[in-house]
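A single structure is presented below for examination.
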Ligand SMILES: CC(C)(COP(=O)(O)OP(=O)(O)OC[C@H]1O[C@@H](n2cnc3c(N)ncnc32)[C@H](O)[C@@H]1OP(=O)(O)O)[C@@H](O)C(=O)NCCC(=O)NCCS
């Protein structure tokens, strides 16, 4: 029993989501080519107010699913995971698309939560009908690489983004 569950974000959690966002300012630009995006909280960067972002999430039902990873013992949001039901709902460039994005809030890292969160996310992907999940991460993001490998990720290759200047590792997980 991990004590973590995935819960769809709702208005009742707006304040907690804002607190989660507030933990991220310094390090965002290290992990994705979009410096403002918090992995797992995709598109929140374009909304100032959480309720507006929640309305957007609702409008994407069936295409993209967002999950808060909640610790059952105290109800704290420890992570966020975003499941794209098709790769085309991610980046414009299909080479750089992934099905799942995720983060663990800085104050809760190093406890194995990312591994458990990804495992739970794969269950959601399977339930959504996916047979194979593509994951990507920067080649310098050791924590994410280890998370993906620990949950069965198979390394495919490393590609270079001309525009971003970043090297990105690609992995597949078969469900
Ligand atoms: C990457 C991230 C999700 C890891 O979260 P976490 O809860 O600390 O990870 P876990 O505790 O589950 O650890 C997973 C593995 O990575 C290792 N690890 C985690 N952070 C690490 C780091 N900074 N350096 C080296 N190894 C690290 C752990 O030791 C563990 O390895 P093990 O299975 O061999 O024991 C978290 O650092 C994060 O949110 N980063 C910013 C967002 C991000 O990078 N998202 C992914 C984008 S592709």
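Against the globular-protein guess of 2.2 N^0.38 Å, express the Cα radius of gyration of the range 87-133 as a ratio, rounded to two decimals.
1.34
Please give the calculated 222 nm ellipticity per residue for the chain, where each DSSP H segment of at least 4 residues contributes -39500 (n - 2.57) and the sum is spread over every residue; nearest 500 deg cm²/dmol?
Value at 222 nm, helices only: -7500 deg cm²/dmol.
I would also like to ask the following. If neighbour count is taken as other Cβ atoms inside 10 Å, put 174, 96 in order from fewest to most.
174, 96
What is the packing order of peptides 11-24, 104-117, taking the mean over residues of other C-beta atoms within 10 Å and listing the highest first?
104-117, 11-24
Compare the peptides 120-129, 65-74, 37-46 by average per-residue count of other Cβ atoms within 10 angstrom and give them in order, highest first.
Put in order of decreasing packing, that is 37-46, 65-74, 120-129.
Given q = 0.20 Å⁻¹, what are the Debye log10 I(q)/I(0) values for the range 4-174, with equal point scatterers placed on the Cα positions and solvent ignored?
After summing over all Cα pairs, the log10 values are -1.57.
Stokes-Einstein at 4 °C, 1.567 mPa s, Kirkwood radius from Cα pairs: D for the range 7-108 in µm² s⁻¹?
Estimated diffusion coefficient is 93 µm²/s.
Only the coordinates and a few stated rules stand behind these numbers; no lab work does. Keep in mind that this is a model prediction, so the values were computed, not measured. When we count neighbours, we look across all protein chains shown, and the Cβ atoms used for this are built from the backbone with ideal geometry, even at glycine.
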